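Scroll down for the structure; my scribbles are underneath it.
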């Protein structure tokens, strides 16, 4: 039997006793124990932060996973700066 998981969303707070790498390892282990494969080639990391990136040190991205500024989740475009300009532009483009 072949199982396929299409999307996984992992939310990890900035202040936590578990690192992002450890949390992602838990997800990979859970997927493996259920016969699922996570395609890390398609996996993206979006770090949500306030609009002053110089004041905040970005976390180190996971090995083999690309850090992005925007990501689409359930049809909504999220930006790392909490702005929804990309989402608004996509909607306006549909109706223009």
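A few comments on the model shown:
- Of the residues examined, residue 71 is one that is modelled with pLDDT of 85 or more, in contact with a strand residue (DSSP E or B) (Cβ under 7 Å, 6 or more places away or on another chain) and not in a loop (DSSP other than H, G, I, E, B).
- Qualifying residue in region 20-32 (condition: out of contact with any helix residue (DSSP H, G or I) (no Cβ under 8 Å at 6 or more places or on another chain), part of a loop (DSSP other than H, G, I, E, B) and at pLDDT below 85): no
The values are calculated or read from the model by the stated rules, or taken from the named source; none is laboratory data. Every value quoted in this text rests on a predicted model; they were computed, and no experiment measured them. Glycine gets a Cβ as well: all are built from the backbone with ideal geometry, and neighbour counts include every protein chain shown.
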